[in-house]
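A short reminder: the numbers here are calculations on the coordinates, not readings from a lab. It should be emphasised that the depicted structure is a prediction, and the values quoted were computed from it without experimental measurement. Cβ atoms come from the backbone with ideal geometry, glycine included; neighbour counts cover every protein chain shown.
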Amino acid sequence: MQLLSAGGSDFWNASNSNCEFMLFIYRQASLKSAPMHYIHELITSSSWIAVVALIAAFAVLAKSADLFVDSSICIATRFNVPRMIIGIVLVSMGTTAPELTVSLVSSLKGQPEMALGNAIGSVICDDGLALPLCALTAVGTIAIAPHVLKVSCIYLVIIQIVFCTFVLGDATLDRVEGIILVTIFVVYISQLLYSSRKKDADTETLDPQHKDHSKDSMVKLSILFIISLAALIFASDIIVSSATTIARGLNIPEFIIAVTMVALGTSVPEIATCITAARRGEGALAVGNILGADVLNICWVAGASAIANDLIVHPPRQAHLMILSMVIIVSTMLVMLRWGHSLTRRKGLVLLAMYVVYLLATFLFFPPPVETL
């Protein structure tokens, strides 16, 4: 077998094995139990079973995302905190749990490329896919709280500069740099909460359904939040497994599975939450989720993984392309949100187009291996 591009083939061969490894880690680390083992074995045994599982998983995903958004809104109301703050702090911590699990375990298992690539890829996917889908499915223009956006913008710019300084030189994120990133994350959350307390109370109104739920006890709301989050992650896991099985059953090349299933796999909770919140008229919660997820993925996910084990990316140009793409997409997103302090469908289309360009650039610079007879 002769490969047309040595550099590209190395990347895609690594991606193929990483696809398998990521799915394995996600199942074992985040949902490690005998029942889940049997469920995954059953799904991978037949494409028809995978189709049924995929449909059922999407139904569970839709309902759990509904409950997750409901409970988040009610918690925000009980504490008199703006929805965007809850989205950044609470919702984003929950929806980035899969990224943290995959990256941390990948680091401990000696797969630094997967750990760092997952964190960076999730930021690109969240800003280039989840946020545009939020804009396109929203009931109208999404208003952004200026003071919350200001804090997030400042920290995201600082975080990108620090992260690029750490990684671009030697394609490595070591333990000391990981500790610095985690520290920045703690300071960011503290600053965000402090600034929100100085502002007026949340003036957003609740529909009758939310008003009824907001009277529930904090224990009940917390249980609902945790159960719906667990169901959200469970459904996401089944979707990734089922979609991968179906793709292989249709003889779709492994490199396409690596780019789509692996790139989107751990971001499904954010995508589902954003679309659900946007359709319910809770766009601020969705945007807050993405802003918080960006900071979490860079500082918390990548930082904690680096503390566990130095993250070294090979080949370096792979890291350079992903980081450059991340900086461009995130910077564009911040400028658009600052422009009029709103997110419109037109802005969403621009971000979505940039995500498509990123995928095409990945294929261009790292072409998949092609066999010649």
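Please label the shape of segment 287-357 as rounded, prolate or oblate, based on the square roots a ≥ b ≥ c of the eigenvalues of the alpha-carbon gyration tensor (a/c under 1.5 means rounded; beyond that, a/b larger than b/c means prolate, else oblate). Could the numbers behind the result be given before it?
Working: a/c = 3.39, a/b = 1.66, b/c = 2.04.
Here segment 287-357 falls in the oblate category.
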Checklist entry - Roughly what would the spin-label model give for VAL219 and ILE55, points 7 Å off Cα along C-beta, in nm? => result 4.1 nm
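Rule-of-thumb check for segment 60-200: C-alpha Rg over 2.2 N^0.38 Å?
Numbers: Rg = 16.8 Å, N = 141, 2.2 N^0.38 = 14.4 Å.
Ratio of Rg to 2.2 N^0.38 Å for segment 60-200: 1.16.
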Item to check | FRET efficiency for TRP339 and ARG78, using Cβ-Cβ distance with R0 set to 30 Å, rounded to 0.05 | outcome: 0.35
Item to check | Simple spin-label estimate for VAL139 and ASP170 in nanometres, 7 Å along Cα-Cβ | outcome: 5.3 nm
